[in-house]
Amino acid sequence: MSVICTVSNSEYWQQICEKSTLKCIESVFELKKDSSDNCLLKRAVSCEQLSMLMKDHDDVVVVIPAPYILLHNNISDDIQRQVNSVKDLLGDCYKLYRKFRNHLQLIPLSAFCSNSVTDLKEFPYIEPLIDESLVSTNIDSVISHSLAHQNTQIVKAYKKLQSCCVVTSEDNLLNPNIESLKTSLVQQKLVDEALESEKVKILKQSQILLEAVEEKANELKKETARNIAQEKQLESLSEEVSTLSSQLAIVQKDLQQSLDTHSDFVQKSKKEFTTLEKTKNREIKGLESRLEDKINLEYKLKAELAELRAIKSSKLWKVSSKVEKLSNVVDKHGASRKKLAQDMSLLYTSELFDSDWYLETYKDVKKEGIDPAEHYLLNGAKEGRKPSQQFDGNWYLQANPDVAEQGTNPLLHYIKFGREEKRPISPVMITFNKK
């Protein structure tokens, strides 16, 4: 199987793909290895793709366009960059041919022209399909042709590549038709001259109309002069209309300002409402989550309390209580640990203690693996740490000197006594109560 491809798309290559009797495949990525039929690749291949293609197929035919066609297909503002690109492409094709000369054939694009005299009996996949008359000639094609022939490096690189082609053909078969281009430019010039003549005629007609309008205006002025009384009345009405228009403009301006202010207020209110609603929803979800945790903790504490009551009513508890009393005598710290456990339970039942927030805020506590309630009771309050965002122990002690003198934990005091005594927990509450 022979794979016929090209390194640059052009109108000529599109004609070949449309008219060829060979099977056409869109790109190199759709090519199957096990196919036995000759085929054309519609899309141009890069040198990298061509190198990959050579690894999978033993017979590859590359159609090389003339340099001016390569330039014309990619003509841009940066002409020097494009010239260098074409020169590099021709050089890369020559290197590939040197590397894969046993499996790679080079064919000039002009060999496919309908008026080509090249003997193609040995190459059944080359068909005279290109009709040069169907390809349009413009200024860009002429510029590309001139650039390609003036650049000695491109000419040298293309001749070196031509020497490697399996067939020879005349590239001038595809040269741009300069005479056709000149004819089209002459026709365009005639059209422009006709348009210019039409423009002069229109200007003359406009001048005649303008003179007629001025004459009519003079007649109207004379008629206005004959009706002085009517003119004065019109002037008076005009002044009145002008005054009313000024007043209307002021009213419209004030109304527009009011509308703009109202619109800004509505937009701002909507944004604030949306923000408040989102904040409220987040707070509600947080409260619901904490309420659910409190309910679960309450159920757990109730279960533990019921279990504790059952244990206390048993004979084993009575014996163990005596043992506990004896151990309390031996262990001087037993009572303090029991009180600490009770205080920790009290903290966990309060909405003002947020264990998750405490651990996220104070990473050292989380890192050491200490229970957050135990840490706050033993060290956190003394270090000025907050049990949650809603309670500030330092401020509570400053606002309540009697509690500070007792040396009591601020949150425990508020839970046990401060709440019933209506003591505030933040300056915000004081301001709100005053209002």
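The values are calculated or read from the model by the stated rules, or taken from the named source; none is laboratory data. Please read these numbers as outputs of a predicted model, since none were measured by experiment. FYI the Cβ positions are ideal-geometry reconstructions off the backbone, even for glycines, and counts take in every protein chain you see.
Could you go through region 4-17 and let me know if any residue there is of a type in the set (Ser, Thr, Tyr), surrounded by fewer than 19 Cβ atoms within 10 Å (Cβ to Cβ) and modelled with pLDDT under 90.
No, because not a single residue in region 4-17 is of a type in the set (Ser, Thr, Tyr), surrounded by fewer than 19 Cβ atoms within 10 Å (Cβ to Cβ) and modelled with pLDDT under 90.
Go through (1) buried (at least 18 other Cβ atoms within 10 Å of the Cβ); (2) over 29 Å from LYS19 (Cα atoms); (3) over 42 Å from the mean Cα position of the chain (by Cα) one by one and return the number of the condition GLN82 breaks.
It fails just one condition, (3).
Taking the options ASP92, ASP37, ASP131, ASP56, name whichever one is under 15 Å from SER8 (Cβ atoms), among the acidic types (Asp, Glu) and in the same structural domain as SER169 (by TED's automatic domain parsing).
Every option except ASP92 fails the conditions.
Please determine, by comparing only the residues of region 1-56 that are out of contact with any strand residue (DSSP E or B) (no Cβ under 8 Å at 6 or more places or on another chain) and of a type in the set (A, V, I, L, M, F, W, C), which one is nearest to ASP88 (Cα to Cα).
Only one residue fits best here, namely CYS47.
Looking only at residues that are under 26 Å from LEU50 (Cα atoms) and under 45 Å from the mean Cα position of the chain (by Cα) in region 109-149, which one is modelled with the highest pLDDT?
Here the residue is LEU109.
How many of the residues in region 150-175 are modelled with pLDDT under 80 and assigned to a helix (DSSP H, G or I)?
Adding up the residues that qualify gives 4.
Kindly evaluate GLN105 against the criterion of being in contact with a strand residue (DSSP E or B) (Cβ under 8 Å, 6 or more places away or on another chain) and outside any helix (DSSP H, G or I). Show your work before the answer.
On the way: in contact with a strand residue (DSSP E or B) (Cβ under 8 Å, 6 or more places away or on another chain): yes; outside any helix (DSSP H, G or I): yes.
It is true that GLN105 is in contact with a strand residue (DSSP E or B) (Cβ under 8 Å, 6 or more places away or on another chain) and outside any helix (DSSP H, G or I).
Evaluate the following for ILE126: is it assigned to a helix (DSSP H, G or I), among the hydrophobic types (A, V, I, L, M, F, W, C) and assigned by TED's automatic domain parsing to the domain that holds CYS17?
Considered against the rule, which asks whether it is assigned to a helix (DSSP H, G or I), among the hydrophobic types (A, V, I, L, M, F, W, C) and assigned by TED's automatic domain parsing to the domain that holds CYS17, ILE126 comes out as no.
Which of (1) farther than 25 Å from CYS39 by Cα; (2) of a type outside the set (Lys, Arg); (3) in contact (Cβ under 8 Å) with a residue 24 or more places away in the chain is the odd one out, the single condition GLN162 does not satisfy?
(1) is the only condition that GLN162 fails.
So is PHE417 assigned to a loop (DSSP other than H, G, I, E, B) and of a type outside the set (Lys, Arg) or not?
In short, no.
Within region 258-288, how many residues turn out to be closer than 30 Å to ASP354 by Cβ and of a type outside the set (Phe, Trp, Tyr)?
Number of matching residues: 17.
Are any residues in region 349-375 among the hydroxyl-bearing types (Ser, Thr, Tyr) and modelled with pLDDT of 90 or more, and if so, which ones?
Selection gives SER355, TYR358, THR361, TYR362.
Within region 391-417, can you find the residues that are among the aliphatic types (A, V, I, L, M), without any contact (Cβ under 8 Å) to a residue 24 or more places away in the chain and surrounded by 16 or more Cβ atoms within 10 Å (Cβ to Cβ)?
LEU397, VAL403
Restricting to region 376-390, name every residue that is without any contact (Cβ under 8 Å) to a residue 40 or more places away in the chain and crowded, with 20+ Cβ neighbours inside 10 Å.
Looking only at region 376-390, we keep the residues that are without any contact (Cβ under 8 Å) to a residue 40 or more places away in the chain, and these are 376-386, 388-390.
Selection gives TYR376, LEU377, GLY380, ALA381, LYS386.
Looking at LEU244, LEU276, which is the one that is over 20 Å from SER345 (Cα atoms), hydrophobic (A, V, I, L, M, F, W, C), at pLDDT 85 or above and part of a helix (DSSP H, G or I)?
Step by step, each of LEU244, LEU276 is checked, and only LEU244 is over 20 Å from SER345 (Cα atoms), hydrophobic (A, V, I, L, M, F, W, C), at pLDDT 85 or above and part of a helix (DSSP H, G or I).
Take the residues in region 101-146 that are without any contact (Cβ under 8 Å) to a residue 40 or more places away in the chain, among the polar types (S, T, N, Q) and under 20 Å from CYS5 (Cα atoms), then tell me which one is surrounded by the most Cβ atoms within 10 Å (Cβ to Cβ).
Among those residues, the one meeting the criterion is SER114.
Whether any residue in region 20-36 is free of Cβ contacts under 8 Å to residues at least 60 places away in the same chain, of a type in the set (Val, Ile, Thr) and either surrounded by 15 or more Cβ atoms within 10 Å (Cβ to Cβ) or assigned to a loop (DSSP other than H, G, I, E, B) (or both) is what I want to check.
yes
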